[in-house]
Amino acid sequence: MPIETWLYCIIGFMILGSIVALELSDLLSAVVSIGMVGLGLAICFLLLQAPDLALVQFVIEILSVIILIVMLRATNQRWEKEKEPRSLSIVKVTFVALAMIGALPLFLGLPPFGHPLLEVSSYYFAEGLQETGSPNLLTAIILDYRVYDTLGEAIVIFVSVIGVMTIFRRRKKGGSGHGQ
Amino acid sequence: MDFIVKTVTRYTVWLIMLYGMYLVIYGHLNPGGGFVGGLVIALSFIHVTLAYGKAPPAELPGKAVSHTLEVAGAFIYVGIGIIGLALGLPFLSNFFGKGIPFTILSAGTIPLLNLAITLKVGMGIYLLYLVLLGTGLSQEQDGKDER
């Protein structure tokens with residue numbers, strides 16, 4: 001079977017998983033379903049011969065499922081899905097279908113699979129090892145050519161950790177009543 | 001958790017951590033790097049915490065230690081950039097010698113930046129987990145950390 005067929009199967013599986021995650025009423029089961037979607041993406045990366053991305057995606061998916069479950073425990077929320085009227089869901093599906101039909105010319109205009117628009121990668125393949133000394137070209141791009149992006153990523157993680165710490169500290173003090 | 005989970009954790013967690021360190025140190029030669037290496041190391045800590053609960057068999061880094069390490073990672077990253085500036089090069093430029101390719105000590109500042117990203121991401125995610133867990137590792141350590 002060609003690689004595209006496998007990719008279509010896995011992507012269909014992922015779409016199914018995300019729809020299941022949206023429709024489930026139990027939040028814990030939805031988290032597990034989202035984890036399944038991420039693992040499908042990791043297998044896609046492996047099939048496309050991108051081991052770096054596959055590694056990151058596998059580990060991030062495991063960690064995000066753990067962190068989401070711990071967060072469900074920490075916030076202690078049992079979220080119940082509201083029943084929405086049938087007419088509203090029909091309207092939603094119609095709008096999504098119309099948007100897909102409207103976006104069809106856009107998808108038809110894309111270059112074929114395996115022929116990217118950006119030509120800059122050929123420069124990295126040709127010059128990356130000489131300019132950075134790193135045989136792993138992905139690391140060379142992340143930590144040499146695009147090092148400012150990585151700095152921005154680190155700042156994003158820092159800010160999110162600080163934000164979570166701030167929110168949970170205030171909550172704890174309000175609950176226990178001491179420590180002012 | 002029960003006896004089986006604890007025993008399996010005790011025999012496998014050092015392998016996970018070793019794999020994380022391997023990913024970091026060989027990040028510029030093999031698939032891997034600071035981001036995923038830090039995550040695997042954080043995952044080994046989380047693994048022990050999940051299996052053993054509030055009484056881990058060894059001393060794990062608490063909130064204060066992991067926060068210090070995380071900030072140290074950020075300082076190393078920005079510090080490398082400022083050293084580049086001081087040498088008259090652009091911010092965060094690769095100012096070391098490139099070395100021989102395919103050896104560990106090569107590629108200039110890339111291994112150092114990998115280490116900084118490891119501390120930043122790994123300790124950041126572990127700290128996030130500890131904060132969300134609510135109590136940290138034990139109550140009195142929590143009180144000490146807040147100071």
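Values quoted throughout were computed directly from the atomic coordinates according to the rules given, and no laboratory measurement underlies them. Since the model is a prediction, treat every value here as computed from it, not as a measurement. Cβ sites come from the backbone with ideal geometry, for glycine too, and all protein chains shown count toward neighbours.
I'd like to compare A:117-127, B:69-79: which one has the highest average count of other Cβ atoms within 10 Å, and what's the full order after that?
Result, highest mean first: B:69-79, A:117-127.
Which value results for Rg/Rh of chain B when Rg is the Cα radius of gyration and Rh the Kirkwood radius based on the inverse mean 1/r?
Expressed as Rg/Rh, it is 1.06.
Report, in deg cm²/dmol and to the nearest 500, the calculated mean residue ellipticity at 222 nm for chain A, where each DSSP H run with n ≥ 4 adds -39500 (n - 2.57) and the sum is divided by the residue count.
-26000 deg cm²/dmol
How large is ³J(HN,Hα) for each residue in the stretch B:26-35, as worked out from phi by the Karplus curve 6.51 cos²θ - 1.76 cosθ + 1.60 (θ = phi - 60°), to whole Hz, x for Gly and Pro?
9, x, 8, 10, 10, x, x, x, x, 4
Let me confirm one metric for peptide A:48-58, namely the mean number of other chain beta-carbon atoms within 10 Å of its residues' beta-carbons.
That works out to 3 on average.
Roughly how crowded by other chains is peptide B:93-103, in terms of the mean Cβ count from those chains within 10 Å of each of its Cβ atoms?
Counting other chains' Cβ atoms within 10 Å and averaging over B:93-103 gives 3.
Rg and Dmax in Å for the protein assembly as shown, alpha carbons only: what are they?
Every Cα atom of the protein assembly as shown included, Rg and Dmax give 22.9, 67 Å.
Stokes-Einstein at 37 °C, 0.692 mPa s, Kirkwood radius from Cα pairs: D for the stretch B:1-55 in µm² s⁻¹? Mind showing how you got there, number by number?
Values: Rh = 11.6 Å.
Taking Rh from Cα pairs, D becomes 282 µm²/s.
Tell me, what HN-Hα J-couplings in whole Hz come from the Karplus equation 6.51 cos²θ - 1.76 cosθ + 1.60 at θ = phi - 60° for each residue of the stretch A:159-166, using x for Gly and Pro?
5, 5, 5, 4, x, 4, 4, 5
If I model chain A as equal point scatterers sitting on the Cα atoms and use the Debye formula, what is log10 I(q)/I(0) at q = 0.10, 0.15, 0.19 Å⁻¹?
Listed by q, the Debye log ratios stand at -0.69, -1.26, -1.38.
Sequence gap of 8 or more, or different chains, plus Cα separation below 21 Å: how many lysine pairs satisfy both in chain B?
5
Between A:Met1 and B:Leu87, what is the spin-label point distance in nm, taking each point 7 Å from the Cα along the Cα→C-beta axis?
Placing both labels 7 Å beyond Cα along the Cβ direction yields 5.1 nm.
Determine the shape class of the stretch A:1-79: with a ≥ b ≥ c the square roots of the Cα gyration tensor eigenvalues, call it rounded for a/c under 1.5, and otherwise prolate if a/b is greater than b/c, oblate otherwise.
Oblate, since a/c reaches 1.5 and b/c is not below a/b.
Show me, for the stretch A:56-66, the HN-Hα J-couplings you get by feeding each phi into the Karplus relation (A = 6.51, B = -1.76, C = 1.60, θ = phi - 60°), rounded to Hz, glycine and proline as x.
Once rounded to whole Hz, the list reads 4, 5, 4, 5, 4, 5, 4, 5, 5, 5, 4.
Starting from the Cα of A:Ile167, step 7 Å along the direction of its Cβ; do the same at A:Gln49; then give the gap between the two resulting points in nm.
Using points 7 Å along Cα→Cβ, the separation is 4.2 nm.
Only loop residues by DSSP count here, and only those with at most 15 other Cβ atoms within 10 Å; note down the GluC sites (Glu not before Pro) in the stretch A:1-104 that meet that.
Here the GluC sites (Glu not before Pro) that fit, given the DSSP loop and packing criteria, are A:Glu80, A:Glu82.
Taking 0.36 nm per residue of separation and subtracting the Cα-Cα distance, what length does fully extending A:Leu22 through A:Met100 add?
26.1 nm
Please give me, ordered by residue number, the trypsin sites (Lys or Arg not before Pro) of the stretch B:9-83 that lie in loop per DSSP and have at most 15 other Cβ atoms within 10 Å. Show your work: numbers first, answer last.
On the way: sites: B:Arg10, B:Lys54, B:Lys63; in loops: B:Lys54.
When the trypsin sites (Lys or Arg not before Pro) of the stretch B:9-83 are filtered for loop state and at most 15 Cβ neighbours within 10 Å, B:Lys54 remain.
Hey, got the average number of other protein chain Cβ atoms within 10 angstrom for residues in A:101-110? Mind dumping the intermediate values first?
Working: counts 0, 0, 0, 0, 0, 0, 0, 0, 0, 0.
Mean inter-chain Cβ contacts per residue within 10 Å come to 0.
Between B:Met1 and A:Ala126, what is the label-point separation in nm under the 7 Å Cα-to-beta-carbon projection?
5.2 nm
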